[in-house]
Amino acid sequence: MTDVIIVGGGPVGLLLACELKLGGADPLVLEAATGEERRTRSLGLRSLNARTVQSLALRDLVEPVAGEQWAMLDELAARREPAGADLVAMMVELLQEGLIRGHFGGLPLLGEAGDAEYLMLKQDRLEAVLAERAAGMGVRIWQGCAVSDVAQDGSAAVATLADGRTVRAAYLVGCDGGRSLVRKRSGFAFEGTPATMTGRTAVAELASAEAVTSSLRHPGGLVNLSLVPGEIATIEFDGGPGDRDAPMTAEELEDSLRRVTGHDVVVKRLETGIRYSDNTRHAGTYRQGRVLLAGDAAHVHSPIGGQGLNLGLQDAVNLGWKLALVARGLAPEALLDTYTAERHPVAARVLRNTRAQVALMRPGPQVEALREVLAEVIELPDAKRHFTGMADGTETDYAPGSAHPLVGRFAPRLEAVPSAPRLEAVPSAPRPEAVPEPTPAKARTVAELLRDGRGLVLALSGASGDGGLDAAVAGHRERVRVAHASTLPGNGPGDGDAEVLLVRPDGYVAWAGGRDGVAAALTTWFGPPRG
């Protein structure tokens with residue numbers, strides 16, 4: 001018996017395991033594939049948008065992930081021909097200057113220098129960083145351990161393994177991809193729209209390296225030559241793939257390249273390949289009793305726009321701290337209902353904009369005209385903010401219409417001084433004269449203050465005294481900490497002024513108000529106080 005079984009050891013499952021462990025729960029990750037099997041399937045590059053990078057910063061993970069990015073780009077530059085090396089160098093420059101914000105249907109979204117953080121790397125490298133962090137925290141990861149069935153009763157969720165063994169837990173989370181066994185066996189509704197395109201990504205060698213060039217506007221679809229040498233991708237708007245599991249052949253890729261480009265392309269050798277589509281479906285709820293879904297198990301859509309991985313990672317950081325509190329008995333099960341309430345609308349917007357991006361990439365003169373018009377619109381300041389907010393996840397608002405503009409939004413960047421718990425004086429033990437005065441606490445960023453997985457009660461007065469906050473927080477001390485910061489600009493009458501912000505472990509503001517409302521807000525979001 002464990003606290004939480006996670007079915008699926010990809011990036012979403014691994015990050016969720018880290019979040020649960022940080023929250024004091026005991027997770028077990030069950031992954032059907034071995035590490036080597038996952039590496040061979042890691043085709044293409046994955047982008048981590050601004051909101052995901054901000055979330056990784058809460059756990060001090062940006063540096064190791066960025067290190068993998070730069071190491072990968074150095075390796076790619078060394079393996080490319082001069083022209084290809086120039087492409088890698090251009091990407092390095094854009095990343096270093098902080099200009100990349102993503103794209104919308106292939107229309108680039110660029111910001112000002114240093115405007116946003118954006119990372120790009122192969123999925124197996126991201127998994128390696130998360131697996132190392134999970135292992136260092138003591139998370140159990142069973143690789144090569146396929147799950148054949150899941151069930152639940154009033155007291156536990158049960159995973160049946162392919163070898164007949166069973167594992168029980170208080171909760172089970174399916175992070176097992178778009179064709180999730182957990183979702184199917186648990187009876188989640190998964191409605192949506194069927195495929196209208198076929199995507200192929202392969203590692204292959206062409207008879208002539210100059211025979212194909214990257215273009216979104218080929219006559220029959222699009223071709224992309226990855227920064228990774230030998231990786232080629234095509235997309236055709238032909239109604240979707242047939243048998244997605246059948247091995248891809250050199251002839252299949254060759255035929256696709258010829259249809260898309262209209263040229264006599266020859267594929268000499270194909271090492272490996274995968275197919276995908278724009279099949280778009282969404283679970284009606286992310287929780288049924290003791291079984292929950294995250295990542296592609298809860299939502300699938302076209303990969304155009306690169307939002308799928310980010311969407312799943314954000315599921316993990318939203319769910320992790322909540323499920324840890326509930327699994328430990330510190331908060332009621334009702335807290336888990338906020339997971340679907342908050343994340344379902346976010347995914348619905350992503351599914352909508354990926355459908356729009358597929359439509360924007362179809363070949364034809366009408367779509368070409370639409371792209372030209374939209375390219376002009378995107379350069380308008382308000383429109384650029386709207387489209388970049390969709391692409392980089394920074395538009396997310398978990399509480400639209402709240403009285404205070406920060407509630408439901410990611411906490412602003414500011415520094416705060418943590419408050420030490422007040423200790424009762426001992427009259428019989430006078431202070432020795434030799435003991436120096438305590439050193440004032442050093443100001444730290446909100447991200448740094450959230451790294452231990454606790455929430456943050458942030459007093460905005462800037463005063464050094466606790467103003468009664470320590471007493472209000474006393475019963476939640478293991479779940480939150482107190483810190484003091486200067487009043488935020490614009491935090492005044494008419495803007496929903498607040499003396500205190502309650503920041504959740506995932507970095508979002510849960511509540512804003514006066515000091516007398518702190519205790520009630522803590523009980524709502526972190527469970528009842530402990531004596």
| remark: With the charge dipole of the stretch 51-200 built from beta-carbon charges (+1 for Lys and Arg, -1 for Asp and Glu) about the Cα centre, the Cα from LEU95, ALA169, THR193 projecting farthest to the positive end belongs to ALA169
| query | To the nearest 20 debye, what is the magnitude of the charge dipole of the chain about its Cα centre, counting +1 on the Cβ of each Lys and Arg and -1 on the Cβ of each Asp and Glu? | reply | 1280 debye
| message | As I understand it, the value is the acute angle between the Cα axis of helix 250-261 and the longest principal axis of the Cα atoms of the chain; what does it come to in degrees, rounded to 10? | response | 90 degrees
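How high is the FRET efficiency from ALA135 to ARG217, r the C-beta distance, R0 51 Å, rounded to 0.05?
Working: r = 46 Å, r/R0 = 0.89.
Result of the calculation: an efficiency of 0.65.
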| Tell me, what is the 1.4 Å probe accessible area of MET120, in Å² to the nearest 10? | 20 Å²
| field | Convex hull volume per residue for the stretch 322-392, taking Cα atoms only, in Å³ | value | 102 Å³
| field | log10 of Debye I(q)/I(0), alpha-carbon scatterers only, for the stretch 101-170 at 0.16, 0.21 Å⁻¹ | value | -0.80, -0.99
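For ALA520 and HIS386, calculate 0.36 nm times their separation in residues minus their Cα-Cα distance, and state this gained length in nm to one decimal. Show your work: numbers first, answer last.
Numbers: separation 134, 0.36 × 134 = 48.24 nm, distance 3.49 nm.
Between ALA520 and HIS386, full extension yields an extra 44.7 nm.
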| note | With R₀ set to 35 angstrom, the calculated FRET efficiency between the beta-carbons of VAL266 and GLU63, to the nearest 0.05, is 0.20
| remark: Expected sort for 478-484, 86-92 on mean C-beta neighbours within 10 Å, highest first, is 478-484, 86-92
| query | With θ set to phi - 60° and the Karplus curve 6.51 cos²θ - 1.76 cosθ + 1.60, what are the ³J(HN,Hα) couplings of the stretch 377-393 in order, to the nearest whole Hz, using x for Gly and Pro? | reply | 4, 4, 6, 5, x, 5, 5, 4, 4, 5, 6, 5, x, 5, 6, 9, x
| said: I'd like the accessible area for VAL266: 1.4 Å probe, protein heavy atoms, all chains in place, Å² to the nearest 10. | reply: 60 Å²
| task | Mind giving me the nanometre distance, one decimal, between the label points for GLU415 and ARG444, set 7 Å out from Cα along Cα→Cβ? | result | 1.4 nm
| request: Compute the accessible area per residue over the chain, keeping the other protein chains in place, probe 1.4 Å, unit Å². | output: 44 Å²
| request: Determine the share of the chain's accessible area contributed by carbon and sulfur atoms, expressed in whole percent, with a 1.4 angstrom probe. | output: 54 percent
| query | How big is the accessible area of LEU370 in square angstrom, nearest 10, if you roll a 1.4 angstrom probe over the protein chains? | reply | 90 Å²
| query | How large is Rg over Rh for the stretch 33-177, taking Rg from the Cα atoms and Rh as the Kirkwood inverse mean of 1/r across Cα pairs? | reply | 1.07
| query | Once the Cβ-Cβ distance between ALA334 and SER208 is put in as r, and R0 is 51 Å, what FRET efficiency do you end up with, to the nearest 0.05? | reply | 0.25
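Given the DSSP H assignment, sum -39500 (n - 2.57) over each helix run of at least 4 residues in the chain and divide by its residue total; what's the result at 222 nm in deg cm²/dmol, nearest 500?
Values: 15 runs with 182 residues, N = 531.
Here the helix-only value at 222 nm equals -10500 deg cm²/dmol.
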| field | Using θ = phi - 60° and Karplus 6.51 cos²θ - 1.76 cosθ + 1.60, couplings along the stretch 91-104 (whole Hz; Gly, Pro as x) | value | 5, 4, 4, 4, 5, 5, 7, x, 8, 6, 10, x, 8, 10
| query | Any idea what Rg and Dmax come out to for the chain if you just take the C-alpha atoms, in Å? | reply | 25.0, 93
| request: Pull up all non-local amide H partners of VAL173: gap of 5 or more, or a different chain, and H-to-H distance under 5 Å with H placed in the peptide plane. | output: ILE5, ILE6, VAL7, LEU292
| note | Under the Karplus relation with 6.51, -1.76 and 1.60 and θ = phi - 60°, whole-Hz ³J(HN,Hα) for the stretch 445-455, x at Gly and Pro, equal 6, 4, 4, 5, 6, 9, 5, 8, x, 8, x
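The values are calculated or read from the model by the stated rules, or taken from the named source; none is laboratory data. This one's a predicted model, so the numbers in the text were calculated from it and none came from an experiment. Every residue, glycine as well, gets a Cβ built from its backbone with ideal geometry; the counts of neighbours run over all protein chains shown. These accessible areas exclude ligands, DNA and RNA; they are computed on the full protein's heavy atoms, side chains included. Shrake-Rupley method; radii C 1.70, N 1.55, O 1.52, S 1.80 Å.
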